[in-house]
Every structure is written in C-alpha cells, then in structure tokens.
1. Could you say which residue among 199, 140 is of a type in the set (Lys, Arg) and farther than 20 Å from residue 238 by Cβ?
2. Picking from 100, 104, 141, which residue would you name as being at pLDDT below 95, outside the structural domain of residue 229 (by TED's automatic domain parsing) and touching a strand residue (DSSP E or B) at 6+ places or on another chain (Cβ under 9 Å)?
3. Quick one: is residue 65 surrounded by fewer than 14 Cβ atoms within 10 Å (Cβ to Cβ), outside any helix (DSSP H, G or I) and out of contact with any Cys (no Cβ under 8 Å at 6 or more places or on another chain)?
4. Against the definition (surrounded by fewer than 17 Cβ atoms within 10 Å (Cβ to Cβ), farther than 20 Å from residue 85 by Cβ and over 18 Å from the mean Cα position of the chain (by Cα)), how does residue 165 come out, yes or no?
5. For region 69-97, enumerate the residues that are closer than 15 Å to residue 137 by Cα, modelled with pLDDT of 80 or more and among the β-branched types (Val, Ile, Thr).
6. Can you pull out the residues in region 42-56 that are surrounded by 13 or more Cβ atoms within 10 Å (Cβ to Cβ) and of a type in the set (Phe, Trp, Tyr)?
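The values are calculated or read from the model by the stated rules, or taken from the named source; none is laboratory data. Small disclaimer: the values here were computed from a predicted structure and weren't measured. Every residue, glycine as well, gets a Cβ built from its backbone with ideal geometry; the counts of neighbours run over all protein chains shown.
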Amino acid sequence: MGTAWKATIRWLALLVLAFIALQLFFVLRIALMAVLDPESTTFQRSQAWQQLASQGTLRWRQEWVPYEQISPTLKRAVIASEDDGFANHDGVDWAAIEKNWERNNRLAEQAAQRQEAHPDRQIKPVKIRGGSTITQQLAKNLLLSGERSMLRKGQELMLTMVLEQFLSKQRILEIYLNNVEWGEGVFGAQAAAQRYFRKNASQLSSAEAARLAVMLPAPKRFEKQPQSAYLNGRTRVIMGRMGRTELP
C-alpha cells in the first residue's frame, strides 16, 4: 500500500472520528437541556454578528420565562400556525411533508403551463411550502447553520429525533417559545409580548397570541408591516383553529 493511500485512509478515519465526536457533542448538549436552559442558539448568535457587522451595535431583547408563565393562548396559536400535529408526532410530520410535496409539484406544473401559454409574461415563482415541525425548527436554530443542503437536512432530522428522545413535548415547546425570533433582535415570547403589546407573555389575549404566531415565518418583515392584509387575515384563520389545538 502506497504512502499516498495510507495518508488518505488516515484522513478519512479522522473525518469519521470528528463526525462521531460532533454527534456526541450534540447529544450531550441536548441531554443537558432537560435540566438547563440554553443561554443562546446558533441562529441567535449569527443574527447578533450580522447586527454588529451591519449596524455596529447590538439590539437584543430576551427574557426566559418558564412554560407555566407563557399564556396557553400563545402555545395554542403557535402550534395551530406552525405545527398542528405537534402533540402527537415523533418530531417529523411525514403526512404534512407528503401533502406539501404534492402541493408544490402541482403548483409548479401549473406555473410551467402558464409560462408556456404566455412566454412573454413573467410568471410569479411558486412559493415552496415545507413541512418542518416545531421540533425540526428548534433543532435547526439551536445547533445548526443556516445553509441549505441535503447533508444539513439529514443532520437536522437526526437532531430532531434526539430532541424527541431526551426532552418532553412541553420542554421542547418551552425552549422553542423562549428562543424563537419575533423581530429585529427580539427573541422569545416574553420579549415579543412586551415589544408589541406592552404586557407579559402570560397575559396575551387570543388575538394577540394569534398575531404573534402568524409573524413567525417572517418576523422582521411583519414587524415593519403590522397592518398588512395577510397578517390580519391569517390572524383570524389561526384564531379559528386555536380551539381545536391540542397542547402537550
């Protein structure tokens, strides 16, 4: 066996060991979250660096509150808006993924047909809808970078399963609601409730909770468009769903 081949094998072995070590690190961090609140997430740190780089200052609002001090209306609204099967799935909602896959393919075909029929027009791109659950979103924001690749998606799925194995549904939702972004430098339910409604997270009404939940896919955009037609209409839809939403 040549020297170059031996060197290649050594490098591959080191890569495998590094990968295993990284997974063990992730598992240990998640296991500790059963009793320790995470001080920050990978996503939050990346947002802080972006703020410092672009503005030279750091605006940051976050105050951890226990699960019991977050209004049930907000828990129901977020689940209704983001992941209505949260209480029952094992971290991945395969039915929702299949449904959205079919929907995306159908709309893509329709867009292609419209483009073919009107080649001189600029057809609006199809808005791709995913199927990420609350647990998947937490796995991504807690520990992973924002890059989009099959490797990162596979890592996200693995961490999702670990989160579901080590943490209760209530704990997953508690960590999610205390760390999710709700605007420029606004993280967590307590900071969001104070920022938009000048009250604590435990005091949110159904309408206020639904509005916060609707902001989640694009909080920075909706922060600047608080009276958008979409935000108002979607808020009413989520309010209608909240009564049927199951809490963990």
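1. Of the residues listed, the single one that is of a type in the set (Lys, Arg) and farther than 20 Å from residue 238 by Cβ is 140.
2. Answer to the check: 141.
3. no
4. So residue 165 does not fit the description; no.
5. Hits for region 69-97 are 78, 79, 92.
6. 43
Yes/no per residue for (1) in a helix (DSSP H, G or I); (2) of a type in the set (Val, Ile, Thr):
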residue	(1), (2)
159	yes, no
165	yes, no
176	yes, no
184	no, no
214	yes, yes
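Residues are listed down the side, and each one gets a yes or a no for (1) at negative phi; (2) assigned by TED's automatic domain parsing to the domain that holds residue 70; (3) out of contact with any Lys or Arg (no Cβ under 9 Å at 6 or more places or on another chain); (4) surrounded by 14 or more Cβ atoms within 10 Å (Cβ to Cβ):
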{"position": "172", "(1), (2), (3), (4)": "yes, yes, yes, yes"}
{"position": "177", "(1), (2), (3), (4)": "yes, yes, no, yes"}
{"position": "183", "(1), (2), (3), (4)": "no, yes, no, yes"}
{"position": "210", "(1), (2), (3), (4)": "yes, yes, no, yes"}
